[in-house]
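J.: This is the structure, below, for whatever I ask next.
The values are calculated or read from the model by the stated rules, or taken from the named source; none is laboratory data. The model shown is predicted, which means the values in this text are computed figures rather than measured ones. For neighbour counting, all protein chains shown are included, and Cβ atoms are generated from backbone atoms with ideal geometry for every residue, glycine included.
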Amino acid sequence: MPLSVVIITFNEERNIERCLKSVQNVADEIVVVDSSSTDQTAILCKKYNARFLQRAFDGYGNQKQFATEQASFDHVLSLDADEALSKELEEAILEEKRKWSHPCYSFNRRNFYCNKAIRYCGWYPDKQVRLFDRREIYWNDKKVHESIDLANNNAVFHLNGDLLHYTCSSIAEHQVKERKYAKINAEILIGKRRSISTMTPFIKGLFRFFRTYFLKLGILDGYYGLVISFTLAKSSFLKYEWARKGLKA
């Protein structure tokens, strides 16, 4: 039974080909929704016969909902450009395509950081719902850290195999990404008009470090576990500090 693969992109020439290659055996169509890339993303997508659409970016949730709506088929696999299917996950999806016995499917996501698989820090198993009958779900409208809301509380069936996520190729890239997320989250907090004390950014940052490094066992990921914990802590601090100051970043 047919499956649409939908992907959102922005300047993803480094990642998109790996993603597209990984879905060749499961996709009956590939839909890419791009937000004005200036690199080779469009050329690479057309090389794999993807339907390439443009849409101004207004948040991850809205972008993914729009991409889902553009699919020709009701069964959809939603991916980010820096993700790819493992062989085991590919085989599990192919098996389900024969019958589509469930409305929604989840699988574990294995995150890679500077080409190293992160086992802790709360980054694995990192279960995701990305394969679904679009008539049963919708994406929430969160600007960042978006997720799927299920209609009628449908049960989710878990598939074997990992979704491979090549999240950051360098520490600097992670820092830039987290500053971006901190800014978006600060804007959301400002919109809620909540009062934030002088100490709140420090408390939130310290707790994020403690949770990631100790409670989520980031300490067992060695050097990168420490770097990830510190970077996430700084992002949390900036989120509340910028919100407290009215985003004078």
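J.: Scan the strands (runs of 3 or more DSSP E) fully inside the stretch 101-168 and keep the ones with 1 or more residues being hydroxyl-bearing (Ser, Thr, Tyr), modelled with pLDDT of 95 or more and more than 12 Å from the chain's Cα centre (by Cα).
T.: Counting at least 1 such residues, we get 104-113.
J.: Could you please find all residues in the stretch 188-206 being free of Cβ contacts under 8 Å to residues at least 12 places away in the same chain and in a helix (DSSP H, G or I)?
T.: Gly191, Lys192, Ile203
J.: Something else about it: Tell me, which residue of the stretch 105-162 that is over 18 Å from Leu3 (Cβ atoms) and of a type in the set (Asp, Glu) is surrounded by the most Cβ atoms within 10 Å (Cβ to Cβ)?
T.: Going through the qualifying residues, I end up with Asp162.
J.: Give the residue, chosen from Leu94, Leu163, Leu159, that is of a type in the set (A, V, I, L, M, F, W, C), assigned by TED's automatic domain parsing to the domain that holds Phe66 and under 27 Å from Ala42 (Cβ atoms).
T.: So the residue among Leu94, Leu163, Leu159 that is of a type in the set (A, V, I, L, M, F, W, C), assigned by TED's automatic domain parsing to the domain that holds Phe66 and under 27 Å from Ala42 (Cβ atoms) is Leu163.
J.: Also, I was wondering about something else. Quick one: which of Ser101, Ser72 is farther than 26 Å from Cys45 by Cα, hydroxyl-bearing (Ser, Thr, Tyr) and surrounded by fewer than 19 Cβ atoms within 10 Å (Cβ to Cβ)?
T.: Ser101
J.: Identify, please: which residue in the stretch 2-43 is in a strand (DSSP E or B) and free of Cβ contacts under 8 Å to residues at least 40 places away in the same chain and is, among those, surrounded by the most Cβ atoms within 10 Å (Cβ to Cβ)?
T.: Selected residue: Val32.
J.: Let me ask you something else. Which condition number does Lys46 fail, the rest of (1) surrounded by 14 or more Cβ atoms within 10 Å (Cβ to Cβ); (2) not in a loop (DSSP other than H, G, I, E, B) being met?
T.: So Lys46 meets the others, but not (1).
J.: Within the stretch 175-185, does at least one residue satisfy the condition of being part of a helix (DSSP H, G or I), small (Gly, Ala, Ser) and not assigned by TED's automatic domain parsing to the domain that holds Ala92?
T.: For the stretch 175-185, residues part of a helix (DSSP H, G or I), small (Gly, Ala, Ser) and not assigned by TED's automatic domain parsing to the domain that holds Ala92: present.
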